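Accompanying notes for the structure given below.
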Amino acid sequence: MTERPYHHGNLRTALLAQAERTVRERGVQDLSLRELARAVGVSHGAPRRHFPDRQALLDALAEAGFARLGAELRAAIDGAGEDFQSRLLATAAAYVRFATRDATLLELMFAVKHSESSATLQDAAERAFSVLLELIEQGQADGVLEPGEPERVGLVLFATIQGIAALITGGMVQPEQLDGLLADAIAHFLRGSRVTAGS
């Protein structure tokens, strides 16, 4: 049997892409450096140049996941125009799409983030969720949302959209119900957060 080559054009990127596919198709439990090496066609020792162990791979996978989530949320806001409610709905929809398409990856992202994770992973998570926080701050500045701690208002919004994603991945809500459910949820959120006269 011929030994697989050690070199690969951009091995780290290839390994992370294959790891993401494995997680999506078979779950985190089936993820191993040796299996990834075989899948991308390099020697079994090659991945250790980038990931000394499986946990380093999981951390990097979570970090890449947060970076992609942040980019998708940013693209949703940028594509939604200036209307706050449209931006909020587009961002919520982008999050739910990510959370339902990559439910296992998202679970890994949150699990790794709350373990003793690296500073770069924490930074990646904060950058991803800063998109939502900026949106809340915009709503407060525009007088659409009640004043107060943006993190607290954002947590209510996040709990709502994460709950919708969980209902879909759990099979309790059909994917085709998503748009209507999100529109109702955002409308209720805005009604509950609206600044009222005399407040």
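The values are calculated or read from the model by the stated rules, or taken from the named source; none is laboratory data. No experiment lies behind these values; they were computed from the predicted model shown. FYI the Cβ positions are ideal-geometry reconstructions off the backbone, even for glycines, and counts take in every protein chain you see. Heads up: the accessible areas ignore ligands, DNA and RNA and are worked out on the full protein's heavy atoms, side chains in. Shrake-Rupley method; radii C 1.70, N 1.55, O 1.52, S 1.80 Å.
Quick one: go through segment 49-66 and flag any residue whose amide nitrogen is under 11 Å from the point 7 Å out along the Cα-to-Cβ line of E25. Of the residues in segment 49-66, none has backbone N under 11 Å from the label point off E25.
Whole-percent P(r), segment 1-90, all Cα pairs, 10 Å bins from 0: 16, 38, 21, 15, 8, 1, 0. Label positions at E107 and E176, each projected 7 Å from the Cα along the C-beta direction, are separated by 2.7 nm. With a Förster radius of 41 Å applied to the C-beta separation of H188 and A17, the computed FRET efficiency comes to 0.60.
Find which of F84, A103, A119 sits farthest along the positive direction of the dipole of segment 80-136, computed with +1 on the beta-carbon of Lys and Arg, -1 on that of Asp and Glu, about the Cα centre. Value: A103. Measuring nothing but protein heavy atoms, the accessible surface of segment 2-91 at 1.4 Å probe radius is 48 percent carbon and sulfur. Around the Cα centre of segment 140-199, unit charges on the Cβ atoms of Lys, Arg, Asp and Glu (plus for the first two, minus for the last two) sum to a dipole of about 140 debye.
Quick test of the membrane-span-like rule: which DSSP H helices of the chain reach at least 30 Å along their long axis (C-alpha atoms) with mean Kyte hydropathy at least -1.0?
Numbers: long enough: 54-78 (36 Å, 0.36); 119-141 (31 Å, 0.21).
Within the chain the helices that satisfy the rule are 54-78, 119-141.
The label point for A56 and the one for R127, both projected 7 Å from the Cα toward the Cβ, are 2.1 nm apart. At a probe radius of 1.4 angstrom, the accessible area of segment 1-121 per residue rounds to 51 square angstrom.
Put simply, the Cα atoms of segment 11-165 extend 58, 27, 24 Å along their principal axes, the longest span coming first.
To the nearest 20 Debye, how big is the dipole of the chain about its Cα centre, given +1 on the beta carbon of each Lys and Arg and -1 on that of each Asp and Glu?
Numbers: 20 positive and 26 negative charges, 167 e Å.
Charge dipole, the chain, about its Cα centre: 800 debye, nearest 20.
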